[in-house]
1. Only residues that are farther than 17 Å from residue 61 by Cβ and touching a Phe, Trp or Tyr at 6+ places or on another chain (Cβ under 6 Å): list them for the stretch 18-48, please.
2. Among the residues of the stretch 31-55, which ones are assigned to a loop (DSSP other than H, G, I, E, B), surrounded by 12 or more Cβ atoms within 10 Å (Cβ to Cβ) and among the basic types (Lys, Arg)?
3. Do you know which of the residues in the stretch 1-30 that are part of a loop (DSSP other than H, G, I, E, B) and among the polar types (S, T, N, Q) is surrounded by the most Cβ atoms within 10 Å (Cβ to Cβ)?
Amino acid sequence: MHGETPILEGYCTPVQLAKELGITLRTLSRWEMERTGPPRTIVGRKVFYKIEAVRIWLDAPEKRWARRRK
């Protein structure tokens, strides 16, 4: 495996995402229960967020708002 790309490159943990967004883990969990948060990947009991999917999720409200204004 020497020189290969790490398998989890492009993913972050809930702790990392919460810190990056400036929210608490509790808020992230609430968003998941409400199905309003970013998509996640579950492997066993571990949760990961694909960074590109989080970026798309972040852009979505901006696009909806822009369409409403037209």
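Computed from the coordinates by the stated procedures, all read-outs in this text should not be read as laboratory data. Because the structure is predicted, anything quoted here is derived from the model rather than measured. With ideal geometry, Cβ positions are generated from the backbone for all residues, glycine too; neighbour counts draw on all protein chains shown.
1. Answer for the stretch 18-48, where residues must be farther than 17 Å from residue 61 by Cβ and touching a Phe, Trp or Tyr at 6+ places or on another chain (Cβ under 6 Å): 40, 41, 48.
2. 40
3. Pass one, the stretch 1-30, residues part of a loop (DSSP other than H, G, I, E, B): 1-10, 13, 22-24.
Now restrict to residues that are among the polar types (S, T, N, Q): 5, 13, 24.
Working: 5: 8, 13: 13, 24: 11.
Residue satisfying both the conditions and the ranking: 13.
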